[in-house]
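Step one of this worksheet: look at the structure below.
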Ligand SMILES: *[C@@H]1O[C@H](CO)[C@@H](O)[C@H](O)[C@H]1NC(C)=O
């Protein structure tokens, strides 16, 4: 009986470790500031492949974009804000990685069609850049002022759907995205809601874990 219990305990521990590592294999874990000091949105059911965090800082909003990249080739990642829940008529802030160094850029998605153009003064209203690319994860922090004289750089005090995209760069210019996601609710950058998804043990596995725990209790009480 003791041997069975030991084998069973080892098995449960192995499964737990496997589930946790599978969840994090293609990404990174959610920031602990989510929903506390920072607002967050990402695809973090388990590990995140991208995460946008924000915090209002008076006259602007400090953003942090974090995303896993499949190579160190020249690439970009960016978030768009739009009241239309589509990529059209969206104001976009991106980070462009060229030869490993990162630069911020504001651009605009046209109200019709699927085109994106860099705005006239691409870094106007952007400050405090801090960027890093380590272990295939790009991290890019920037502060964007709440208001901008360019109508294509939207005001950050109203609520928007957020879009996230990433893609390759050619000669320093963004190519069409290869990955996109968007929120299904309007989001306020002046608040700190957590839309990033659940913590590393993801829902489908939770029932398995409960089942294993119940079996374990039954077995150990025998
Ligand atoms: C584009 O979006 C902005 C901000 O939500 C809005 O003020 C403007 O009227 C929109 N323009 C068009 C053409 O829909």
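Just so it is clear, none of the values below were taken in a lab; they were calculated from the coordinates. This structure is a prediction, so every number in the text was calculated from the model and none was measured. Note that each Cβ is placed from the backbone with ideal geometry, even for glycine, and that neighbours are counted across all protein chains shown.
Structure notes:
- Spacing of the two label points (7 Å from each Cα toward its C-beta) at residue 120 and residue 45, in nm: 4.5
- Rg and Dmax of region 91-177, based on Cα coordinates, read 13.2, 38 Å.
- In terms of packing, defined here as the mean over residues of other Cβ atoms within 10 angstrom, the peptides 155-166, 103-114 line up highest first as 155-166, 103-114.
- Neighbour-count ranking [beta-carbon atoms within 10 angstrom, fewest first] of 179, 28: 179, 28
- Peptides 121-132, 87-98 ranked from most to least packed, by the mean per-residue count of other Cβ atoms within 10 Å: 87-98, 121-132.
- Per residue, the convex hull volume that the Cα atoms of region 31-197 enclose (Å³): 106
- A simple spin-label model places pseudo-atoms 7 Å from Cα toward Cβ; at residue 175 and residue 98 they are separated by 1.7 nm.
- When you restrict to C-alpha pairs under 8 Å that are six or more residues apart and normalise by the size of region 31-197, the relative contact order lands at 29 percent.
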